[in-house]
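So the structure is just underneath, and the comments pick up after that.
The values are calculated or read from the model by the stated rules, or taken from the named source; none is laboratory data. This structure is a prediction, so every number in the text was calculated from the model and none was measured. Please note: Cβ atoms are built from the backbone with ideal geometry, for glycine as well, and neighbour counts cover all protein chains shown.
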Amino acid sequence: MDPTPMQIDQIETFLDLLDTRSFNRTADRLDVTQSTISGRVKALEKALGERLFERSRSGTQPTTAALRFETHARVLRRAWADAKADVKPYGAAVMLRIGIQHDLLENHVADWLTALRSALPDCGFYVDGDYSRQMCRDLEAGALDLGVVFTPRPSPDLYFESMGEIPYRMVSFSTDTLAGVRPADYILPNYAPAFAQTHASLLPGLSEGSVSSGQAAAVRGLLIALKGTTYLPAEMADALVADGTARIVQDAPIIAQPVFTSMHLRNRHRAGYRRMAKVLRGRMAG
């Protein structure tokens with residue numbers, strides 16, 4: 001399939017339909033008529049020789065062929081964006097997709113996005129929160145340009161660089177000493193394999209819990225609901241202490257979680273990607 005503008009429109013329409021499962025909603029989102037959406041889908045189906053969507057009163061559902069084609073469509077869209085960027089680097093049409101580990105969104109995304117926009121003023125940015133495993137898969141498939149992850153996933157197609165570390169602190173509703181922490185009230189955090197391994201080695205008596213979660217916002221909610229003890233990102237822990245909700249467990253060890261930027265190997269030497277990684281590393285250090 002030649003990457004002509006019309007065919008790229010077909011790819012964009014196909015991927016949006018996979019998300020909305022509605023010809024009407026995709027037409028609204030892409031600011032075209034429903035007949036245009038139908039025409040693009042029919043043209044793509046003719047080019048592939050397969051039916052991609054089934055329409056009924058209950059909605060629009062992708063066929064098996066559509067699900068098989070999805071990864072290829074994302075790669076085609078990314079290749080076209082890369083080609084445009086090479087011809088006219090970082091033009092206004094370039095939209096960069098960034099995935100960020102869930103725990104980093106609340107306290108970092110606004111600062112990071114402001115810095116990225118300043119460094120690459122002609123680019124648009126789409127930012128979403130996710131887990132390391134899925135972000136690595138999306139980077140391989142071309143659905144993401146850059147990921148900020150806790151856990152690098154070994155892959156010959158991915159490149160990782162250290163950004164630094166974020167500290168986690170133990171907070172409690174009932175005590176400010178480690179000796180006062182009751183295992184029965186402990187919410188076991190499981191933010192990443194490296195975090196869990198460090199936690200188990202430092203606090204073996206607290207490494208089995210009846211309640212556990214791998215997302216800081218959920219752990220914070222459990223802490224407040226159960227009035228127990230747990231680890232939270234330092235900024236989140238300090239906020240709870242500042243408003244009088246919880247106390248820092250003063251003699252509990254601080255656990256540092258490594259953070260990495262990740263990108264497809266083919267992008268590791270591209271100027272824009274190098275700039276994004278440098279900006280994020282600088283904001284983490286700052």
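Just the residues that are small (Gly, Ala, Ser) and within 12 Å of THR230 (Cα to Cα), please, taken from segment 170-212.
SER172, SER174, ALA184, SER207, GLY209, SER212
Is there a residue in segment 198-207 that is modelled with pLDDT of 90 or more, polar (S, T, N, Q), part of a helix (DSSP H, G or I) and over 22 Å from MET135 (Cβ atoms)? Yes, some residue in segment 198-207 is modelled with pLDDT of 90 or more, polar (S, T, N, Q), part of a helix (DSSP H, G or I) and over 22 Å from MET135 (Cβ atoms). Within segment 166-181, being modelled with pLDDT under 95 and either under 17 Å from PRO193 (Cα atoms) or in the same structural domain as PHE14 (by TED's automatic domain parsing) (or both) holds for one residue alone: ILE166. Residues that are charged (D, E, K, R) and loosely packed, with under 15 Cβ neighbours inside 10 Å were ranked within segment 242-273; the one that is modelled with the highest pLDDT is ASP251. All conditions in (1) surrounded by fewer than 20 Cβ atoms within 10 Å (Cβ to Cβ); (2) within 23 Å of ALA239 (Cβ to Cβ) hold for PHE195, with the sole exception of (1). Close contacts from segment 177-193, counting a first residue that is charged (D, E, K, R) and a second that is part of a strand (DSSP E or B), with Cβ to Cβ under 7 Å and a gap of 6+ residues or different chains, come to ASP185/THR229. For segment 154-172, give me each residue that is surrounded by 17 or more Cβ atoms within 10 Å (Cβ to Cβ) and within 30 Å of LEU223 (Cα to Cα). Answer for segment 154-172, where residues must be surrounded by 17 or more Cβ atoms within 10 Å (Cβ to Cβ) and within 30 Å of LEU223 (Cα to Cα): MET163, ILE166, TYR168, ARG169, MET170, VAL171, SER172. A single entry from THR36, THR13, THR64 fulfils the requirement of being modelled with pLDDT of 90 or more, of a type in the set (Ser, Thr, Tyr) and surrounded by 18 or more Cβ atoms within 10 Å (Cβ to Cβ): THR13.
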